[in-house]
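The values are calculated or read from the model by the stated rules, or taken from the named source; none is laboratory data. The model shown is predicted, which means the values in this text are computed figures rather than measured ones. As a convention, Cβ positions derive from the backbone with ideal geometry for all residues, glycine included, and neighbour counts pool all protein chains shown.
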Amino acid sequence: MLSKAADHPAFWRLHIDKFHASGLSRAAYGRGEVLKTDQLAYQLSAKSQSQNLAKSSFAQVVVMDGVDERLKVQEFELSRQ
């Protein structure tokens, strides 16, 4: 059984880094480190998903209060000319 340390994110960051550097299969790395293969697979998947979210292709949009009102005033002033 894994210790309570296995619940700590730093524990899995260390093992994920070591796993990638090892070149081993998940099963082989898990056996060598006495880790459950399904838990290692879950942690690898979770890390991959969080990295994909960080690399999102969406642009951040900043909305400023009052911009619409200023544009309406400018449009009104231009229409009166």
Any residue that is of a type in the set (A, V, I, L, M), within 30 Å of residue 9 (Cβ to Cβ) and at pLDDT below 90 - is there at least one of those in the range 65-79? no
Go through the range 1-39 and give me each residue that's modelled with pLDDT under 90 and aliphatic (A, V, I, L, M). 1, 2, 5, 6, 10
Residues of the range 7-37 being part of a loop (DSSP other than H, G, I, E, B), surrounded by 12 or more Cβ atoms within 10 Å (Cβ to Cβ) and of a type in the set (A, V, I, L, M, F, W, C), in sequence order, are 24, 35
Of (1) among the aliphatic types (A, V, I, L, M); (2) in a loop (DSSP other than H, G, I, E, B); (3) modelled with pLDDT under 65, residue 53 fails just (2)
